[in-house]
1. Any chance you could count how many residues in region A:25-68 are more than 8 Å from chain B (Cβ to nearest Cβ), open to solvent by 70 Å² or more (accessible area, probe 1.4 Å) and not aliphatic (A, V, I, L, M)?
2. Please name all residue pairs, on different chains or six or more residues apart, with Cβ atoms under 7 Å, provided the first residue is in region A:156-175 and is without any contact (Cβ under 8 Å) to a residue 60 or more places away in the chain and within 21 Å of A:I140 (Cβ to Cβ) and the second residue is open to solvent by 50 Å² or more (accessible area, probe 1.4 Å) and not in a loop (DSSP other than H, G, I, E, B).
3. May I ask you to say which residue of B:F87, B:F142 is aromatic (F, W, Y) and out of contact with any Leu (no Cβ under 8 Å at 6 or more places or on another chain)?
4. Restricting to region B:32-88, name every residue that is at pLDDT 90 or above, closer than 18 Å to B:Q107 by Cα, not polar (S, T, N, Q) and not in a strand (DSSP E or B).
5. Collect the residues in region A:109-137 that are crowded, with 17+ Cβ neighbours inside 10 Å and away from chain B (no Cβ under 14 Å), keeping them in residue-number order.
6. Within region B:71-91, how many residues are open to solvent by less than 20 Å² (accessible area, probe 1.4 Å) and more than 14 Å from every other protein chain (Cβ to nearest Cβ)?
There are 2 protein chains.
Amino acid sequence: MRYPNSNKTFHKKISHANRGMVLEELINEANRFYLENNIAVIYKKPTPIGIVEVKSNDKRKIITKAFFKEPSTLDYSGIYRGKYIEFDAKETKCKTSFPLANISKNQINHMKNVINHGGISFLIIKINDGFYFVDGSYIINFIESKKRKSIPFSNIEEYGYKIDRRNLVQIDYIKIIDKIIGGIKNEVY
Amino acid sequence: MRYPNSNKTFHKKISHANRGMVLEELINEANRFYLENNIAVIYKKPTPIGIVEVKSNDKRKIITKAFFKEPSTLDYSGIYRGKYIEFDAKETKCKTSFPLANISKNQINHMKNVINHGGISFLIIKINDGFYFVDGSYIINFIESKKRKSIPFSNIEEYGYKIDRRNLVQIDYIKIIDKIIGGIKNEVY
């Protein structure tokens, strides 16, 4: 089994990295670990862009004009224990609540579709220096019943799962999926 | 139930379209049909690109330099009857065989991973004016046992599934998945 990083290297990496990239980088690292150890196959989807202009020279095509598109699905998708997994990573500096403006209506609809078809969809929310796994069903239900613009931090603590950072993987979200779907397949780590 | 297109409009559309886009467009159309009728949630992933330069004006960010990256996964992924689905669409003008140069080694490895974790992975191959659903396990097994550079058309006819074009959806690949996993959930169309 390969360790994705020793703690030492890892912390150094955090302190030098662009703060906004940290959460994404931690999740990519977890996904690499899951893939290398044959635990799960989960990838970040490419950033959706609209290509306006492409030029080609002798060697290759170069995109010379393009723009970022609003994503209508979530950033990470893949497969774990035969189940379809799709989730997004969100970060907020707000300490008292998670503003729902962080998720688009299209993304909420997509989560709903995934869950209705038997998949597992959730958010990993970084708030108050902790990482929380918040199930898509909870988020959808909160939005539809509460008519509020943000989820209070106390709800996230109560209904979400704090993601353990003591394992080999810093954001070991697969362990939470095990809790949700029941049983544990990977005793190995 | 919404019909994605009347046959008339549909054929008109084909004759005007860029020939290379036809297969992709047909699959996108099937996916829209599946989504609108709550049959499956399957999306084309964004094209993977490497962004080199971004400029921003008052209104938005514009990508001014980027290049296309080699995909290491397949183009389409999603969920059907709780199962993870991932596939790619390939087209060949060769009438006698399907050249394996159309799939990268990374893509083959990825197919293998998806299948090992309980997902369904396949190619939709357009060859000799027909559309064939060829299961990933068959392709992997062919590559590993035969050491050949292409799959003969006769093998595709024998071991693949010809995709019926008589239904409401022109490339109704979900019907083939029903055959493979057994049982039929959607009696509606």
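1. Going through region A:25-68, the residues more than 8 Å from chain B (Cβ to nearest Cβ) turn out to be A:25-34, A:36-37, A:39, A:42, A:44, A:50, A:52-59.
Filter once more, keeping what is open to solvent by 70 Å² or more (accessible area, probe 1.4 Å): A:32, A:36, A:52-53, A:55-59.
Among the residues that remain, those that are also not aliphatic (A, V, I, L, M) are: A:32, A:36, A:53, A:55-59.
Residues meeting the conditions: 8.
2. Once the first residue is without any contact (Cβ under 8 Å) to a residue 60 or more places away in the chain and within 21 Å of A:I140 (Cβ to Cβ) and sits in region A:156-175, its partners that are open to solvent by 50 Å² or more (accessible area, probe 1.4 Å) and not in a loop (DSSP other than H, G, I, E, B) give A:Y161/A:K179.
3. Numbers: B:F87 fails: out of contact with any Leu (no Cβ under 8 Å at 6 or more places or on another chain).
Checking each option against the conditions leaves just B:F142.
4. B:K45, B:P46, B:P48, B:K69, B:L74, B:D75
5. Of the residues in region A:109-137, the ones crowded, with 17+ Cβ neighbours inside 10 Å are A:110-115, A:117, A:119-127, A:131-136.
Listed by number, the residues that qualify are A:F122, A:L123, A:I124, A:I125, A:K126, A:I127, A:F131, A:Y132, A:F133, A:V134, A:D135.
6. Looking only at that region, the number is 1.
Residues checked against (1) within 30 Å of B:N38 (Cβ to Cβ); (2) touching a Gly at 6+ places or on another chain (Cβ under 6 Å):
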residue	(1), (2)
B:K55	no, no
B:F68	no, no
B:P71	yes, no
B:Y76	yes, no
B:Y80	yes, no
B:I85	yes, yes
B:E91	yes, no
B:T96	no, no
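A quick yes/no check of all residues on (1) farther than 22 Å from B:V114 by Cα; (2) in a loop (DSSP other than H, G, I, E, B); (3) not polar (S, T, N, Q):
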site: A:F98; (1), (2), (3): yes, no, yes
site: A:A101; (1), (2), (3): yes, no, yes
site: A:L123; (1), (2), (3): yes, no, yes
site: A:V134; (1), (2), (3): yes, no, yes
site: A:N141; (1), (2), (3): yes, no, no
site: A:I151; (1), (2), (3): yes, no, yes
site: A:I171; (1), (2), (3): yes, yes, yes
site: A:I176; (1), (2), (3): no, no, yes
site: A:I180; (1), (2), (3): no, no, yes
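The values are calculated or read from the model by the stated rules, or taken from the named source; none is laboratory data. All values derive from a computational prediction rather than experimental measurement. Backbone-built Cβ (ideal geometry, glycine too); neighbour counts: all protein chains shown. Note: areas computed on protein heavy atoms with side chains; ligands, DNA, RNA excluded. Shrake-Rupley method; radii C 1.70, N 1.55, O 1.52, S 1.80 Å.
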